[in-house]
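What follows is one structure encoded as structure tokens, with my remarks underneath.
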Amino acid sequence: MNLLVVKGGFHFFIFSTLNLIFYMKKSALGYCRVSTMDQAEYGYGLEYQRSEIQKYCKNKGLELKEIYSDDGSSGADPNRPQLQELLSRAKNDKVDFIVIAHSSRLFRDSMLSEIVYRDLRKNNINLISTSQPNYYEADGDFQRKLIRTILSAFDEYERSLIAYRLRNGKRKKAELGGFHGGFLYGYRSINGQLEVNEQEAEVVRQIFALKKKKKMNLTFIADHLNKTGVKTRLRGHWHPSIVRAILLNPVYHGKIRFGGKEYIGIHKGLL
């Protein structure tokens, strides 16, 4: 342990590097997460998070064994595959640290965040947020716990706010007749606008004709398409559920559905 002793009057001031000894030769696992909402609102990228975790571990002399990543996952979902694998390995391998770039990367649910934090501490695993110094330290300090709880609540509030903004944005787009995203057989999405895929459009028209004119049920229509060699966009077989989704989608009639309401679309209908 290196000590710096400064003498001044009747006082001795001692500065130590105990924190370096605390981190020395200890193991760590990293965790990253991005969701569609985060990327749309803040641009939290996986590469940025990995870089911050690697930089932190290098500066602290931690042995970074692996970084786990959940892409496109909600911060309110406790069953993320990579998160579950991370927590299991951390306990089984007796890892010393779990390092994240920000508390919101672990959870955007204040209750879940505190439950996982306490469970890690019971297993002598330290949780570190590279952008929030001392955020998870001094777990016996009631003031620190209060601050942590408040910030976790803000993470949860922020998730709800982002979701609201995205949902509101999609609603406004639908009201103006715009397509708000998703897989749609019979069309291509070009810069957010729907353009007719003529080859698939003929199949869509055939499906509606078989239902309306020949009174075929969903199973018969799916079997007919499979027997005639027609493939889905993913080159797979047709199933009654796929046929049903097409028949019930107002998009093919030139309309957009959102939130239980239908609006006149700016795209070209197929029927």
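Taken together, the values in this text are just the output of simple stated rules run on the coordinates, not laboratory data. This one's a predicted model, so the numbers in the text were calculated from it and none came from an experiment. Cβ placement follows ideal geometry from the backbone for every residue including glycine, while neighbour counts extend to all protein chains displayed.
Seen from every direction in turn and averaged, the convex hull around the alpha carbons of segment 179-264 projects onto 5.9 nm².
Packing here is the average count of other Cβ atoms within 10 Å per residue, and on that basis the peptides 104-114, 50-60, 260-270, highest first, run 104-114, 50-60, 260-270. A simple spin-label model places the labels of residue 175 and residue 266 1.5 nm from each other, with each point 7 Å out along Cα-to-Cβ.
Computed from backbone phi, the HN-Hα couplings of segment 185-192 come to 5, x, 9, 10, 9, 10, 6, x Hz, rounded to whole numbers (Karplus: 6.51 cos²θ - 1.76 cosθ + 1.60, θ = phi - 60°; Gly and Pro given as x). Using the basic label-point model (7 angstrom from Cα toward the beta carbon), what is the residue 208 to residue 227 distance in nanometres? Here the answer is 2.5 nm between the modelled labels.
Here the 3J(HN,Hα) profile of segment 208-220, calculated from phi with Karplus coefficients 6.51, -1.76 and 1.60 at θ = phi - 60°, is 5, 5, 5, 6, 7, 8, 9, 6, 6, 7, 4, 5, 5 Hz, Gly and Pro shown as x. Fully extending the segment from residue 199 to residue 27, taken as 0.36 nm per residue of separation minus the present Cα-Cα distance, adds 56.3 nm.
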